[in-house]
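Step one of this worksheet: look at the structure below.
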Amino acid sequence: MRPDEIKNRNIFDAHCHLDFCLGSKEGLSFIKDISDNLEGAYSFTCTPSDYLVAKAAFEPFSNICVGLGLHPWYVPEDKKELIECLEMFKDGYRTYKPLHIGEVGLDFSAKHISNAQNQIYAFEAICKTIDKKADVLSIHAVLSVEEILAILKKFDLPGNVPCVFHRFGGSPQQLREAFAAGCYVSWGS
């Protein structure tokens, strides 16, 4: 169903990547439909450079909130590139003071486990950078709920920042631990 078929100002999309729609006439039409027909949307980005593009592109849409992100799939494997990427994240955070952070997190699936150490380094740096000042932290967690919870607690984020596990796929026990820590979860595909 397209947003223009919904026409419900009580619906807010809590996690999308509208920047993926930029660059095509159909994509721009879809973005306008979201803005015109829904209460709004959190549009999270995958890299700090994506954030800069999306922030500029969505400026006319006051109900689309752009999140500064570094998705674990996009964490550089090269250490020098990783440091540069994190500096870009920190610069974006200091310059624009975004209240919406995401998509960030860890992905320890077979396809991404080889970069686990850089992902952990990046996620810790991001948690340290936001320093309990975000309105929402959207978290990608694949086979990594326990590690993410430990990092969130290390930086005292649960209870101070709404930490949302996007498309939660952990065990029932991990779900209880996430709730006990003060985190939120979303499900869906």
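Just so you know, in segment 27-70 the residues that are among the aromatic types (Phe, Trp, Tyr) and touching a Cys at 6+ places or on another chain (Cβ under 8 Å) include one that is farthest from Gly102 (Cα to Cα), and it is Phe30. Residues of segment 1-29 that are at pLDDT below 90 and aromatic (Phe, Trp, Tyr): Phe12 alone.
Selection of segment 37-53 for residues being of a type in the set (Asp, Glu) and either at pLDDT 90 or above or closer than 13 Å to Leu86 by Cα (or both) yields only Asp50.
Total residues in segment 34-63 satisfying the condition of being closer than 17 Å to Ile126 by Cα and not in a helix (DSSP H, G or I): the figure is 4.
The requirement of being under 17 Å from the mean Cα position of the chain (by Cα), among the β-branched types (Val, Ile, Thr), more than 13 Å from Pro48 (Cβ to Cβ) and open to solvent by less than 90 Å² (accessible area, probe 1.4 Å) is satisfied by Ile120.
The values are calculated or read from the model by the stated rules, or taken from the named source; none is laboratory data. Computed from a predicted structure; not experimentally measured. As a convention, Cβ positions derive from the backbone with ideal geometry for all residues, glycine included, and neighbour counts pool all protein chains shown. Quick note on the areas: whole protein, heavy atoms, side chains included, nothing else; ligands and nucleic acids left out. Shrake-Rupley method; radii C 1.70, N 1.55, O 1.52, S 1.80 Å.
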